[in-house]
Amino acid sequence: MPSDPPTTPELDAYRAGADRFIAELDEEYYLHFAGLKDRLDLEAIYERHADLTELERAQSLGAAVNGDRGTRELWHFACEGYMGKLTRSHAEKLAALEAELEVTVDGETIPFRMVRPTIANEPDRGRRQRLDGVLWEMTEEHLNPLYREALDVTRRAVPELGASTYRELYERFGFDLQGLAAQCRAFLDSTEELYERSMDRALREGLGFGLDEAERYDVQRMIRSPQWDVGFPGEKMVPALRATLSDLGIDLDSQENVHLDIDQRPQKTPRAFCAPIEVPDKVMLVIQPIGGADDWRAFFHEAGHTEHYANTSRDLRMEEKRLGDSAVTEGWAMLLQHWTDGTRPRG
Ligand SMILES: [Zn+2]
């Protein structure tokens, strides 16, 4: 590797630069997906911070990795930034295709991104099957070649970053992949029977047939659970979150760093999301409440991310606030999400 490790001031400058880069990206995502800005304009942000994702930068940070977890996180960030830059045109083409493609089923034309929600909303099983078939044909024909190409580009970049395989690179980022695989196998083994029994019962209750017969498109329909809509009204979502947090001693309305965006806007995405623009000082929780169990789950999930970032200590280093193992923030998100399907013991 040709690079010298960075000095301490250089590391601090890298941290500060990465902090602004991520803040600007999060703000841009927020503005676009909240319906406040038409174009998602990432190019200018990437250009402004191009030095963060240069190969030499990643290599130099790699040379600095010692026992310090923070430095390793900075190296990880630089490597992913470099690989992301190499495949950005693929990602842009994929996004454009997904937005443009349309499928025709039973004489009806449906935008590609609406096919999955349409399957979930479709009570007729035959039509679900036809929608699913077309979805995967289009994916194989138009999207998968680009995914494969991006994967090849990424694989070719791995040796430049100092590892012989993608897996070895991620193990050096600190992921115990073998250990994780063993945990996953043990979890699957111990829950296999429970899963089969529960899925079979849920499918029979919701759709009238069991697991043996069910296909992928049936599971999407089952998860949609229209029979529960009445219990998950759109107008109760925000009050339910406010009341639930209040029971835990969190007063949502007095959290000055949490910005709840519930306004209706035509271009706003219907899906809830969280944008931690400044951690912990400016965290956006965005929702256009529609209702239904799945919408509640997504909203509480994003509220979990919001409370995690809003309660993160200001004194931590950038990599501790913004980077690191996403299991931490996903853990909080899942905790709040699962409140929506918990049953209350009756006494
Ligand atoms: Zn999440």
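The values are calculated or read from the model by the stated rules, or taken from the named source; none is laboratory data. Quick caveat: nothing in here was measured; it's all calculated off a predicted structure. Please note: Cβ atoms are built from the backbone with ideal geometry, for glycine as well, and neighbour counts cover all protein chains shown.
Side notes on the structure shown:
- Selection from the stretch 297-312 of residues that are within 22 Å of Tyr14 (Cβ to Cβ) and within 12 Å of the ligand (Cβ to nearest atom): Tyr309
- Flag for Leu285 being without any contact (Cβ under 8 Å) to a residue 60 or more places away in the chain and either within 16 Å of the ligand (Cβ to nearest atom) or closer than 26 Å to Arg39 by Cβ (or both): yes
- Some residue of the stretch 229-251 being part of a loop (DSSP other than H, G, I, E, B), of a type in the set (Val, Ile, Thr) and out of contact with any Leu (no Cβ under 9 Å at 6 or more places or on another chain): yes
- Ala91 vs. criteria over 23 Å from Gln59 (Cβ atoms), of a type outside the set (Val, Ile, Thr), part of a helix (DSSP H, G or I) and not assigned by TED's automatic domain parsing to the domain that holds Arg322: yes
- Taken as a whole, the stretch 335-342 holds at least one residue that is within 14 Å of the ligand (Cβ to nearest atom), under 18 Å from the mean Cα position of the chain (by Cα) and surrounded by fewer than 15 Cβ atoms within 10 Å (Cβ to Cβ).
- Candidates Asp325, Asp294, Asp315, filtered to the one that is within 15 Å of Ala272 (Cα to Cα) and either more than 11 Å from the ligand (Cβ to nearest atom) or part of a loop (DSSP other than H, G, I, E, B) (or both): Asp294
- Condition check for Gly35: in contact with a Ser or Thr (Cβ under 8 Å, 6 or more places away or on another chain), assigned to a loop (DSSP other than H, G, I, E, B) and of a type outside the set (Val, Ile, Thr): yes
- Residue count for the stretch 244-262, restricted to those that are under 24 Å from Gly292 (Cα atoms) and free of Cβ contacts under 8 Å to residues at least 60 places away in the same chain: 6.
- Taking the stretch 92-112 as the range and being surrounded by 14 or more Cβ atoms within 10 Å (Cβ to Cβ) and out of contact with any strand residue (DSSP E or B) (no Cβ under 7 Å at 6 or more places or on another chain) as the test, the residues that pass are Lys93, Leu94, Leu97, Glu98, Leu101, Val105.
- Residues in the stretch 116-131 that are under 23 Å from the mean Cα position of the chain (by Cα) and buried (at least 16 other Cβ atoms within 10 Å of the Cβ): Thr118, Ile119, Ala120.
- The set of residues in the stretch 261-276 being buried (at least 16 other Cβ atoms within 10 Å of the Cβ) and away from the ligand (no atom under 16 Å from the Cβ) consists of Asp261, Lys268.
- From the options Phe187, Phe175, residue that is aromatic (Phe, Trp, Tyr) and within 27 Å of Ala78 (Cβ to Cβ): Phe175
- Close contacts from the stretch 77-91, counting a first residue that is over 15 Å from Gly17 (Cβ atoms) and a second that is acidic (Asp, Glu), with Cβ to Cβ under 8 Å and a gap of 6+ residues or different chains, come to His90/Glu149.
- Selection over the stretch 1-32 of residues that are in contact with a Phe, Trp or Tyr (Cβ under 8 Å, 6 or more places away or on another chain) and assigned to a loop (DSSP other than H, G, I, E, B) gives a count of 1.
- Candidates Val258, Val328, Val279: the one that is loosely packed, with under 13 Cβ neighbours inside 10 Å, of a type in the set (A, V, I, L, M, F, W, C) and touching a helix residue (DSSP H, G or I) at 6+ places or on another chain (Cβ under 9 Å) is Val328.
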